[in-house]
Amino acid sequence: MTKILIALLLGSLSLFASATTTEAIPDITMTWVGFTALFIFLVGYYVVAAEEKYGIDKAKPALFIGTFMFILVAIYYALNDLDMNLIHTQVQHLILEIAEIFFFLFVAMTYIESLLQMGVFDRLKYNLISKGYTYRKLFWITGFLAFFISPVADNLTTALILSTVLITIDKTRKDFLVPGAINIVVAANAGGAWSPFGDITTLMTWAAGKGQFTDFLYLFPAAILGYIVTAFLLSRFVPKVVPVFDASKEKQPKMSEGAKVVMFLGVLTILCAVLSHQVLHLPAMWGMMFGLSLLKIYAYGLKKKYGENHFNIFDSMSKIENNTLMFFFGILAAVGALYFIGWLALASVVYDPSVLGPTISNIAVGFLSAIIDNVPVMSAILKANPEMGVDQWMLVTMTAGIGGSLISFGSAAGVGVMGKMHGIYTFSSHMKYAWTILVGYVVSITVWYVQYQILGIGH
């Protein structure tokens, strides 16, 4: 229970870190609403984790607890004549935090569905399978693509793209799809860890001035070696057989006119997101929404040139996994409520040398990121701002990213793939192979220790 509370503590502070209110938020943990909200959260989170067991989509309990907990808090405030402006201000701030993630995901998913509609992934699938690669070789190819695309794009977009490729290769073989999905999530998170704009967490650390651009590049050895170890162990469970493919019966798919332009616009959109955040000091989703506007304008041009049935962007939007978006809203709202109540008030204590110290705390962050999304975890640490050198800041950046892979919903990449491969890549199917990720996690930490603490490389 202590570990859970510490995880929640670290994971929630960021949601309200920048809230500006002159009045202190009262601590209501030891009240009926404090205990009730905590109980609701724990039960709800259990139902989320047991999604496959109960056959209920993870978005339903997440959305319920996220909204209901704040309703209970508001009722308590009203009954006890507390300042209602406090809860109003905090909820408004929470909405802004969630909106940034929500719209970022919305645009990324729209581009994925658009590329799917235009036959891009069918063509990629054909090119891969027609070469006679085995499932195991396809496993390695998609994994390395994820690892090296993620630093340039971001881990969520990368995971969504390549999980779509997996589905188009074969929709039935779980002995290929499940290890392949885990492989992509791990590779995307590991690849994003050594680039300042490979993950939202690295972006935050870079923007906070905790390391220079080149400091992140020093994490490459730890990231890739940890990933390779995990991938090697996972590959043992992937069959060496060749997917069924008859070139005489399989018609070579063609991409729709304009598909290459849409691919270019997708890359441009990611660049706009990075520039918006780093250069213009706008939220990353602002650049994503600008990219969506470009796609909509181009879709209009295609419609005028080729007719209404050639490419309809609204069809792409209608196929977005809304449950994934609702899950993010619910979980972030629930964790935000726990913070507002007062359960999560002492995050920086664990970094004190007399408690755990920075190294152990930063290693533990990886496990916390598996329970709570790594974005609020990293934001909380940045807010607490413990006294650490660049070596420790790079460690926590790496562990927050890679550690999020330990559980299926521990990272945006994992949640995105769960939505894309619904019913195939689940919490329980992920946990079956979680030990392989843990081994890779230990390897990454070991490499970091040798590199930074023994050899002094990267300081």
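No lab work stands behind these numbers, since they all come straight from the coordinates. The structure displayed is predicted, hence computed values, not measured ones. Cβ placement follows ideal geometry from the backbone for every residue including glycine, while neighbour counts extend to all protein chains displayed.
What the table below lists for this structure:
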item	result
Ranked Ser276, Ser428, Ser369, criterion: other C-beta atoms within 10 Å, fewest first	Ser428, Ser276, Ser369
Rounded tilt (10° steps) of 284-306 against the dominant C-alpha axis of the chain	30 degrees
Degrees, to the nearest 10: 32-49 long Cα axis against longest axis of the chain	20 degrees
Helical mean residue ellipticity (222 nm; -39500 (n - 2.57) per DSSP H run of 4+; nearest 500) of the chain	-22000 deg cm²/dmol
Fewest-first sequence of Thr29, Thr426, Thr324, Thr446 by Cβ atoms within 10 Å of each Cβ	Thr446, Thr29, Thr426, Thr324
Helix axis angle, 374-384 relative to the chain longest principal axis, alpha carbon, degrees	40 degrees
Farthest positive-ward along the chain dipole, Cα basis, beta-carbon charges - from Gly132, Met378, Gln90	Gly132
Sequence-separation-based contact order of the chain, relative, with Cα cut under 8 Å and 6+ spacing, percent	29 percent
Links that overshoot a 28 Å alpha carbon limit, given the list Lys171/Lys303; Lys125/Lys296; Lys125/Lys304; Lys260/Lys319	Lys171/Lys303; Lys125/Lys304
Projected label distance in nm at Trp435 and Ser130, using a 7 Å step from Cα toward the beta-carbon	4.2 nm
Listed peptides 401-408, 78-85, 213-220 by packing density, highest first (mean Cβ within 10 Å)	401-408, 213-220, 78-85
Centroid-to-centroid separation of the range 190-246 and the range 273-301 [C-alpha atoms, Å]	25 Å
